[in-house]
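**Q** I'd like to ask you about the structure that follows.
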């Protein structure tokens, strides 16, 4: 009989411990859920109510008008280079326009034009035709040219490199 009472007491203690462990897990997951909910709410507030990029309409209505920054484009001379290949000769012909903030930036960039063209020629001659395949290849080319031009014209800054024509032959 004593053994049965001891066994019943042990079972009761185990049940209490497991119930207490369940409460701890519930409390832990509830706390984690609360932190995630607060983080998501804060992010939603920032993106939805953050700094506005719109202005009131000039005609006085309640509609908002998007503000667009003025940009200026500067055309570089057309470049034709032979690509690095094993065997047959492959050429790349490219026309590029630079996107800058204003006309004063073009005046800062023009004295560096020989340096820009040299950096572009050296980089383009090392490319293989496979490097230019697909949109990902052209995106990498655009990013690399932008990086090289900004290194060449520092402290001036070019906002973007735009391809007007690309021909691989």
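The values are calculated or read from the model by the stated rules, or taken from the named source; none is laboratory data. If you're wondering where the values come from, they're calculated on a predicted model, not measured in any experiment. Don't worry about glycine lacking a Cβ; one is built from the backbone with ideal geometry, like all the others, and counts go over all protein chains shown.
Residue by residue, here is whether (1) over 19 Å from residue 75 (Cα atoms); (2) over 23 Å from the mean Cα position of the chain (by Cα) holds:
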| position | (1), (2) |
| --- | --- |
| 115 | no, yes |
| 119 | no, yes |
| 132 | yes, no |
| 135 | yes, no |
| 138 | no, no |
| 148 | no, no |
| 152 | no, no |
| 156 | no, no |
| 162 | no, no |
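**Q** With respect to residue 124, determine if the residue is in the same structural domain as residue 148 (by TED's automatic domain parsing) and within 30 Å of residue 69 (Cα to Cα).
**A** Working: in the same structural domain as residue 148 (by TED's automatic domain parsing): yes; within 30 Å of residue 69 (Cα to Cα): no.
When the stated conditions are applied, residue 124 does not pass them.
**Q** Also: If a residue must be touching a residue at least 24 places away in the same chain (Cβ under 8 Å), within 19 Å of residue 104 (Cα to Cα) and surrounded by 15 or more Cβ atoms within 10 Å (Cβ to Cβ), how many such residues does the range 130-158 contain?
**A** Total meeting the criteria: 5.
**Q** Further question: Among the residues of the range 55-72, is there at least one that is under 29 Å from residue 153 (Cβ atoms) and modelled with pLDDT of 85 or more? Explain how you work it out, then say what you get.
**A** The first filter runs over the range 55-72 and keeps only residues under 29 Å from residue 153 (Cβ atoms), leaving 67-72.
Next, only the ones that are modelled with pLDDT of 85 or more stay: 71-72.
Looking for residues that are under 29 Å from residue 153 (Cβ atoms) and modelled with pLDDT of 85 or more, one finds at least one in the range 55-72, hence yes.
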